[in-house]
Amino acid sequence: MIKQFAVFGNPIAHSQSPTIHTAFAKQFQIQLHYEKIQVDVGAFAFAAEAFFQRGIGANVTVPFKEEALCFADSLSQAAQLAGAVNTLALKDGVIVGDNTDGIGLVRDIRDNHKQSFVDKKVLIIGAGGAARGVILPIAKENPQLIMLVNRSAEKAVLLAKQFSPFIEVKTDTFERLNTVFDIIINATSASLSGQTLPLSSHILGTDTFVYDMMYGAKPTAFMHWATTCGASSVDGLGMLVEQAAASFAIWHGLFPKTASVIQKIRQQL
Ligand code: NDP
């Protein structure tokens, strides 16, 4: 019988996940069916329950990552600390919730873009679900500093406090921020609406690596800002494919090659 997988979201039509997982499966001659399931807000648990009568794994995207956290029977540490689940796996009759967004980002920056986090000063912009999910995986890479800045400054302070039993996360405001960082990660949704962030060009050094979690056919507004200030930047397409690869490994116990899949999805954007 063909193994059944799905991605839940709303909207979901744009999702590249079926293409990515089908490409991964081909690498190992695995037969699978991966579908997109659009669910009404408030109906996630019901839909997921129905799916797991036949399916063995699912990805979860906006706006159901928090609901998936409650739906899972047990949680990985990554999911607990991220406060969100993007991967559900049925194992021995138990639905396990995990979060692969953070490790996806780290693998893209560290392995694909060859940027080590060790001893680096890292700035994360944003305090939503995406920022929350990447803090612990970045901390595990031993950076010198993790600084968080967010439009609603109090949210950044609260997030840093939630991580304080495990790791030190510093916070600042857009207005005060003016020292150079080695790695700058945009984890806001500002680029979605083409908005720029009130950042000083003083935070960019000659070797600063600038990363926007958002991706698209064209460079994002944030990437445009970096270019205008003389820095090079990359988008988050690699993170998307790497988080999918980590989900694939959870479900199949095999880690797929990602470079050709990133290239393929890039051509389709
Ligand atoms: P959330 O809605 O949880 O958080 C949004 C964040 O963006 C908040 O910190 C919010 O600040 C900030 N923000 C929104 N608009 C602006 C603005 N105009 N100026 C400054 N800050 C702003 O979203 P997520 O955290 O889930 O997602 C954030 C981004 O990450 C999205 O673009 C998403 O596409 C991307 N992403 C990419 C992934 C990938 O695989 N490449 C995976 C996951 C996410 P405030 O608190 O003040 O409202």
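The values are calculated or read from the model by the stated rules, or taken from the named source; none is laboratory data. Since this is a predicted model, take the numbers as computed values, not measurements. Neighbour counts run over all protein chains shown; Cβ positions are idealised from the backbone, glycine included. For the accessible areas, the whole protein counts, side chains as well, though only heavy atoms, and no ligand, DNA or RNA atoms are used. Shrake-Rupley method; radii C 1.70, N 1.55, O 1.52, S 1.80 Å.
Taking all protein chains as present, what is the carbon and sulfur share of the accessible area of segment 82-202, in % to the nearest whole number, probe 1.4 Å? Walk me through the intermediate numbers first.
Working: 2720 of 5550 Å².
The computed percentage sits at 49.
Taken over segment 154-228, the ratio of Cα radius of gyration to 2.2 N^0.38 Å equals 1.19.
Charged neighbours of A23, selected by a Cβ distance under 10 Å, balance to +3 (K, R count +1; D, E count -1).
Other residues whose C-beta falls under 11 angstrom from the C-beta of N186 contribute a net charge of -2, scoring Lys and Arg +1 and Asp and Glu -1.
Between their Cα atoms, which of K36/K257; K155/K257; K114/K257 are more than 26 Å away from each other? Pairs exceeding 26 Å: K155/K257. Based on DSSP H segments of at least four residues, each scored -39500 (n - 2.57), the chain has a per-residue ellipticity at 222 nm of -10000 deg cm²/dmol.
Between segment 139-155 and segment 51-119, what is the C-alpha centre distance in whole Å? If you average the Cα positions of each part, the centres end up 21 Å apart. Extent along the principal axes, Cα only, for the chain: 57, 39, 32 Å, with the longest axis given first. Listed by chain and number, the lysines whose C-alpha is less than 18 Å from the C-alpha of K91, apart from same-chain residues fewer than 8 away, are K3.
Per residue, segment 1-74 exposes 52 Å² of solvent-accessible protein surface, assessed with a 1.4 angstrom probe and all protein chains in place.
Averaging sequence separations of C-alpha pairs under 8 Å and six or more residues apart, then dividing by the length of the chain, give the relative contact order as a whole percent. Provide the component values of the computation, followed by the final result.
On the way: 534 pairs, mean separation 43.5, N = 269.
For the chain, the relative contact order is 16 percent.
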